[in-house]
């Protein structure tokens, strides 16, 4: 019954790399030797169906006990410290859970449902219920699971290494949902690694606590079949897509309850009907993958597979998604595969080596955000991220992913000086591995999950971001139009008297408007860090500020491209956004703020109701200039077209506070054109200047069109006419 002395001491000290080779049942002369490790026991015994047998303390090292069974059979271990007794299943009597196919796919980097095998899963194994833990740590010498169930003692519950895949696993009987856990990892040279949260953990403790939490991925009783069948049409390039971007922690807070944020269930109750009533088609949530620092807004995630516990459990997040679908809304998530934080419990040097990140800081360290960059060229890392995208789309019925900071992924010299970056294999600046990764994730996501959409936050002129991969593109469905946003916001902040000198900032976007499938974004980034709120960007006195903002929104909603507006901008929040406080909903008691909200609601409904405003958002056939050159008067006029059977729409924008009487415009169709929206209307807080409700296109040829009409242009206004 002797144990190898060196290995016994290593086992007792928590240094043994293969505890399964010693602990548990092993054939021995005349039967089976049982070895157990329990530093809290002074006595131990084996309880089997044929009775109880004592175990002897091992001479070789403390905490080890040796016993004997005549033949293989289920058994329990019983321990005593002289006062208290306890009984438990021996995890070392259970065989492996992972199969050879899983091992092969993990090693190959092609396991698209990686979350089904890694992480912590409550299962029944060999007739016993418990939790199976599995983690990828290929360069580790030893890995164990820590938790309340073992007193956070790294010496216990060492895991089994599975061949060359670098995966470690163990089945712990009796462990169920709600248990907090981490991994204790010893590096390849015996060095300790900071305790790690589970990279594929489905739950987490509430920050600042950092452990993962066992959460069951049981089958959810989804009731959104009708939405799922039609969402592909609702998310196509010809559909009206108007996105309300939300930070769930600060949309609205419960002041009476210590100013806490709303839960997922409360957001389902309050946020969903608000967004639907406002006429938006989609909600986009800032990242909800678990993150340690509130001030990162979720853009520095640690728990990529865990919906943040700040607002509730994974099932409660599913209820939020289902509520959106029931209301006819798509729900999009901001997704962050570009970088991750250096927090010691996260992915950084996970197994004692640069595993998920590049070892060379010129490739692996993000100078702007003090974060680490994924090594996309490593197949297991790329697989991890692709599986994460599929996880959100499949397990939570999320309708799409907006991928953060794509520009930083595409270029190796992004925000770096000469000598601070490593060229690619051809000597260029493009990150070829990241490009391949983005193409793969889009191809696989669109191929495996029908009806979804992906969007890129990409600020450069990289070609083909929203073009199919088989045509040389990156495969995104849509791209944020950052150039349009920068130019038009710069324009609208000029005093009207100076706008004639900056007219091209409004018109230049049409030069490239159809080179991608664009979304026009007014996002959270435009109302923080000293940039001012949307209303405070506007020049002039209060009346002009509101009029300018109304005109800007009218221009935005009639310009080619899908729409995105950050929360609070729809009612002209005056303060910059603060992630720690609620939006200033009390402002809606002011008719001017209420007017902006009403305008955005009506623009959304008009955008959805008029095919000419959305069907050809991404096609040059959907747009035509009436007059883009009236710079001296700061007036723009243009046409929007749908299909041949759809009535065209004429838009006239006056970006000065000067009324324009009898303004002539050319029109492509004779007859009556009906005013559908006037941003200067009194109901929106405008001047209420009388304008023409019905204009008649006849008379002289003008501006290249066979007909023309005269229009009364109110100050700082946008007029939208539909051909009758």
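Residues of the stretch 254-273 that are surrounded by fewer than 18 Cβ atoms within 10 Å (Cβ to Cβ) and either within 22 Å of residue 596 (Cβ to Cβ) or out of contact with any strand residue (DSSP E or B) (no Cβ under 8 Å at 6 or more places or on another chain) (or both): 255, 256, 257, 258, 265, 269, 270, 273.
Quick check, is residue 319 over 15 Å from residue 582 (Cα atoms), touching a strand residue (DSSP E or B) at 6+ places or on another chain (Cβ under 8 Å) and either surrounded by fewer than 24 Cβ atoms within 10 Å (Cβ to Cβ) or at pLDDT below 95 (or both)? Lay out the reasoning, then the answer.
Working: over 15 Å from residue 582 (Cα atoms): yes; touching a strand residue (DSSP E or B) at 6+ places or on another chain (Cβ under 8 Å): no; either surrounded by fewer than 24 Cβ atoms within 10 Å (Cβ to Cβ) or at pLDDT below 95 (or both): yes.
No.
In the stretch 444-453, the count of residues that are surrounded by fewer than 17 Cβ atoms within 10 Å (Cβ to Cβ), in the same structural domain as residue 514 (by TED's automatic domain parsing), assigned to a loop (DSSP other than H, G, I, E, B) and modelled with pLDDT under 95 is zero.
Just wondering, is there one or more residues in the stretch 35-53 that are assigned to a strand (DSSP E or B), in contact with a strand residue (DSSP E or B) (Cβ under 6 Å, 6 or more places away or on another chain), touching a residue at least 12 places away in the same chain (Cβ under 8 Å) and closer than 27 Å to residue 138 by Cβ? Before the answer, list the steps.
Residues of the stretch 35-53 that are assigned to a strand (DSSP E or B), as a first pass: 35-37, 43-48, 51-53.
From the residues that got through so far, the ones that are in contact with a strand residue (DSSP E or B) (Cβ under 6 Å, 6 or more places away or on another chain) too are 35-37, 43-48, 52-53.
Adding the requirement that they be touching a residue at least 12 places away in the same chain (Cβ under 8 Å) leaves 35-37, 43-48, 52-53.
Then keep just the ones that are closer than 27 Å to residue 138 by Cβ; that gives 37.
Yes, because at least one residue in the stretch 35-53 is assigned to a strand (DSSP E or B), in contact with a strand residue (DSSP E or B) (Cβ under 6 Å, 6 or more places away or on another chain), touching a residue at least 12 places away in the same chain (Cβ under 8 Å) and closer than 27 Å to residue 138 by Cβ.
Of the numbered criteria (1) farther than 19 Å from residue 595 by Cβ; (2) assigned to a loop (DSSP other than H, G, I, E, B), the one residue 540 fails is (1). Tallying residues that are more than 28 Å from residue 87 (Cβ to Cβ) and assigned to a strand (DSSP E or B) within the stretch 136-177 yields 4.
Within the stretch 64-77, how many residues are buried (at least 20 other Cβ atoms within 10 Å of the Cβ) and part of a loop (DSSP other than H, G, I, E, B)? Spell out how you get there, then give the answer.
First, pick out the residues of the stretch 64-77 that are buried (at least 20 other Cβ atoms within 10 Å of the Cβ): 64-67, 75, 77.
Narrowing the set further to residues that are part of a loop (DSSP other than H, G, I, E, B) leaves none.
Total meeting the criteria: 0.
Restricting the search to the stretch 529-555, which residues are within 29 Å of the chain's Cα centre (by Cα) and more than 17 Å from residue 570 (Cβ to Cβ)? Within the stretch 529-555, 529, 530, 531 qualify. For the stretch 369-390, check the following and say yes or no: at least one residue is surrounded by fewer than 15 Cβ atoms within 10 Å (Cβ to Cβ), at pLDDT below 95 and assigned to a loop (DSSP other than H, G, I, E, B). No - not one qualifying residue is present in the stretch 369-390.
Residue 296 satisfies every condition listed in (1) under 20 Å from residue 348 (Cα atoms); (2) surrounded by fewer than 20 Cβ atoms within 10 Å (Cβ to Cβ); (3) in contact (Cβ under 8 Å) with a residue 60 or more places away in the chain except (3).
Residues checked against (1) at pLDDT below 95; (2) within 30 Å of residue 237 (Cα to Cα); (3) under 29 Å from the mean Cα position of the chain (by Cα); (4) buried (at least 16 other Cβ atoms within 10 Å of the Cβ):
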position: 582; (1), (2), (3), (4): no, no, yes, yes
position: 591; (1), (2), (3), (4): no, no, no, no
position: 612; (1), (2), (3), (4): no, yes, no, yes
position: 632; (1), (2), (3), (4): no, no, no, no
position: 639; (1), (2), (3), (4): no, yes, no, yes
position: 643; (1), (2), (3), (4): no, yes, no, no
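Restricted to the stretch 593-667, the set of strands (runs of 3 or more DSSP E) holding at least 2 residues that are in contact with a helix residue (DSSP H, G or I) (Cβ under 9 Å, 6 or more places away or on another chain) and farther than 18 Å from residue 714 by Cβ comprises 623-630, 635-640. When 129, 110 are checked against the criterion of being outside any helix (DSSP H, G or I), in the same structural domain as residue 197 (by TED's automatic domain parsing) and touching a helix residue (DSSP H, G or I) at 6+ places or on another chain (Cβ under 7 Å), 110 stands alone in meeting it. Selection of first residues in the stretch 676-691 that are over 20 Å from residue 558 (Cα atoms) and of second residues that are in a loop (DSSP other than H, G, I, E, B) and at pLDDT below 95, restricted to Cβ pairs under 6 Å at least 6 apart or on distinct chains, gives the following pairs, ordered by first then second residue: 682/688. Within the stretch 216-240, restricting attention to residues that are in contact with a strand residue (DSSP E or B) (Cβ under 7 Å, 6 or more places away or on another chain) and under 25 Å from residue 613 (Cα atoms), the residue that is surrounded by the fewest Cβ atoms within 10 Å (Cβ to Cβ) is 234.
Take residue 576 and tell me if it is without any contact (Cβ under 8 Å) to a residue 24 or more places away in the chain and either assigned by TED's automatic domain parsing to the domain that holds residue 553 or under 28 Å from the mean Cα position of the chain (by Cα) (or both). Quick ask: steps written out before the conclusion?
On the way: without any contact (Cβ under 8 Å) to a residue 24 or more places away in the chain: no; either assigned by TED's automatic domain parsing to the domain that holds residue 553 or under 28 Å from the mean Cα position of the chain (by Cα) (or both): yes.
Here the answer is no, as residue 576 does not meet what is asked.
Just so you know, in the stretch 1-26 the residues that are at pLDDT 95 or above and over 25 Å from residue 189 (Cβ atoms) include one that is surrounded by the most Cβ atoms within 10 Å (Cβ to Cβ), and it is 25. Tell me, please, whether a residue that is surrounded by 20 or more Cβ atoms within 10 Å (Cβ to Cβ), touching a helix residue (DSSP H, G or I) at 6+ places or on another chain (Cβ under 7 Å), assigned by TED's automatic domain parsing to the domain that holds residue 517 and in a helix (DSSP H, G or I) can be found in the stretch 467-484. Yes, the conditions are met somewhere in the stretch 467-484.
Checked across the stretch 395-407, the condition of being in the same structural domain as residue 314 (by TED's automatic domain parsing) and over 18 Å from residue 334 (Cα atoms) holds for no residue.
Remark: residue 303 falls outside the filter, which requires a residue to be more than 25 Å from residue 478 (Cα to Cα) and over 14 Å from the mean Cα position of the chain (by Cα). In the stretch 325-347, the residue that is farthest from residue 396 (Cα to Cα) out of those that are free of Cβ contacts under 8 Å to residues at least 60 places away in the same chain and in contact with a helix residue (DSSP H, G or I) (Cβ under 8 Å, 6 or more places away or on another chain) is 341.
Please specify each residue of the stretch 270-293 satisfying the condition of being touching a residue at least 12 places away in the same chain (Cβ under 8 Å) and in a helix (DSSP H, G or I).
First pass over the stretch 270-293, keeping only residues touching a residue at least 12 places away in the same chain (Cβ under 8 Å): 270-273, 275-293.
Once the filter is applied, which keeps residues that are touching a residue at least 12 places away in the same chain (Cβ under 8 Å) and in a helix (DSSP H, G or I), the stretch 270-293 yields 270, 271, 272, 273, 275, 276, 277.
Which is farther than 26 Å from residue 298 by Cβ, over 28 Å from the mean Cα position of the chain (by Cα) and surrounded by fewer than 22 Cβ atoms within 10 Å (Cβ to Cβ), of 186, 165? Explain how you work it out, then say what you get.
On the way: 186 fails: surrounded by fewer than 22 Cβ atoms within 10 Å (Cβ to Cβ).
When all the criteria are applied, what remains is 165.
So residue 198 passes all but one of these: (1) assigned to a helix (DSSP H, G or I); (2) within 19 Å of the chain's Cα centre (by Cα). Which condition number does it fail? Among (1) assigned to a helix (DSSP H, G or I); (2) within 19 Å of the chain's Cα centre (by Cα), the lone unmet condition for residue 198 is (1).
A quick yes/no check of all residues on (1) in the same structural domain as residue 301 (by TED's automatic domain parsing); (2) modelled with pLDDT of 95 or more; (3) over 13 Å from residue 282 (Cα atoms):
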site	(1), (2), (3)
204	no, yes, yes
208	no, yes, yes
222	no, yes, yes
229	no, yes, yes
235	no, yes, no
248	yes, yes, yes
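Does at least one position in the stretch 697-708 carry a residue that is within 19 Å of residue 548 (Cβ to Cβ) and in contact with a strand residue (DSSP E or B) (Cβ under 8 Å, 6 or more places away or on another chain)? Break it down into steps so the answer makes sense when it comes.
The first filter runs over the stretch 697-708 and keeps only residues within 19 Å of residue 548 (Cβ to Cβ), leaving none.
So far as the stretch 697-708 goes, no, none of its residues is within 19 Å of residue 548 (Cβ to Cβ) and in contact with a strand residue (DSSP E or B) (Cβ under 8 Å, 6 or more places away or on another chain).
The values are calculated or read from the model by the stated rules, or taken from the named source; none is laboratory data. Please read all numbers here as calculations on a predicted model, not as lab measurements. We place every Cβ from the backbone using ideal geometry, glycine too, and count neighbours over all the protein chains shown.
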